[in-house]
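Structure record follows, encoded as structure tokens.
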Amino acid sequence: MRFVLLCDASQPERVAPICRKTGLGVEIQAFSNPEYPNLNPDGLALHHKHYDAISPKALHGPFGDLSFGSCDALIQKVTRDRFEFAYGKAVELGAQHVVLHHGYVPHTNTYGGWLRRSVKFWEDFLATKSPDVTFYLENLLEVDAELIGDVLQAVNHPNLKACLDLGHAFCHGKTSLKKWIEVLGDGIGYVHFHDNLGDQDAHLSLGEGRLPLDEICYLLEQVTPEAIWALEVGPENLEDSLFWLETHGYSPSSGG
């Protein structure tokens with residue numbers, strides 16, 4: 001069954017009605033900014049108001065300047081604090097899926113040391129978390145899938161999987177999208193869908209760019225059929241992108 005969520009671009013008042021109209025779930029993105037609760041004291045209540053009746057729910061956590069495998073213990077501590085923040089908000093909002101980034105910058109840490117520290121970080125972090133919440137590591141500027149694949153393989157925990165962002169992989173990667181899927185395999189538990197022309201991370205509606213979407217959708221269904229698909233195209237493009245999925249034979253399900 002194909003579960004599809006709608007990414008809300010921190011605009012619950014615009015996306016919640018589309019969720020209700022289509023019966024689909026949501027990826028809540030406001031809390032990717034850790035200052036959001038300070039800037040918007042009523043923000044949590046606002047999200048409850050719009051999303052309590054919507055299921056399933058995911059939450060995108062903070063990612064700026066974070067690195068869980070850093071050689072600097074203070075950076076690791078800040079990363080842990082931000083990830084705990086994301087987990088806490090996910091629990092408060094009833095989200096069972098949390099999208100995070102790894103933050104590795106090549107050549108700032110030795111790869112072996114970074115990987116070793118990453119494993120320790122995730123073993124400690126996951127030991128205190130509900131088995132009902134799954135975490136997904138999203139690619140951003142990586143040129144290939146090996147980095148996330150190595151972390152998943154080394155940690156080897158059912159509640160840590162990959163979020164394959166197709167648009168990021170297409171415009172920043174140096175290998176084909178097919179190769180990304182082959183490397184990560186059924187470790188892919190979550191997929192961000194958006195389109196671009198290969199030159200920048202434009203978050204276009206599906207079919208407006210150059211991603212080989214038909215090929216990718218088919219391959220994802222063969223390799224990791226239980227993965228969640230999330231449309232990250234902006235509220236104004238959600239219904240057009242849903243129409244693309246439906247007319248290409250990929251009718252969505254809420255999974256709720």
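Which numbered condition in (1) buried (at least 20 other Cβ atoms within 10 Å of the Cβ); (2) touching a helix residue (DSSP H, G or I) at 6+ places or on another chain (Cβ under 7 Å); (3) part of a helix (DSSP H, G or I) is the only one that Cys19 fails? It is condition (2) that Cys19 fails. Consider region 40-86 and keep the residues that are of a type in the set (S, T, N, Q) and under 19 Å from the mean Cα position of the chain (by Cα). The one that is surrounded by the fewest Cβ atoms within 10 Å (Cβ to Cβ) is Ser55.
Scanning region 60-81 for residues that are assigned to a loop (DSSP other than H, G, I, E, B) and of a type in the set (S, T, N, Q), we see that the one that is nearest to Pro12 (Cα to Cα) is Ser67. A count restricted to region 17-36 and to residues that are in contact (Cβ under 8 Å) with a residue 60 or more places away in the chain and out of contact with any Phe, Trp or Tyr (no Cβ under 8 Å at 6 or more places or on another chain) stands at 5.
Residue-by-condition table, conditions (1) without any contact (Cβ under 8 Å) to a residue 24 or more places away in the chain; (2) out of contact with any Gly (no Cβ under 8 Å at 6 or more places or on another chain); (3) assigned to a helix (DSSP H, G or I):
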residue	(1), (2), (3)
Leu219	no, yes, yes
Glu226	no, no, no
Trp229	no, yes, no
Asn237	no, yes, yes
Leu242	no, yes, yes
Tyr250	no, yes, no
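The residues of region 99-154 that are within 16 Å of the chain's Cα centre (by Cα), surrounded by fewer than 16 Cβ atoms within 10 Å (Cβ to Cβ) and free of Cβ contacts under 8 Å to residues at least 40 places away in the same chain amount to a single one, Leu141. If the condition is being within 23 Å of Ile18 (Cβ to Cβ) and either part of a helix (DSSP H, G or I) or at pLDDT below 95 (or both), then region 38-59 contributes Gly43, Leu44, Ala45, Leu46, His47, His48, Lys49, His50, Tyr51.
The values are calculated or read from the model by the stated rules, or taken from the named source; none is laboratory data. Owing to the predicted nature of the structure, the values given are computational and were not obtained by experimental measurement. A quick note on method: Cβ atoms are made from the backbone with ideal geometry, for glycine too, and the neighbour counts reach across all protein chains shown.
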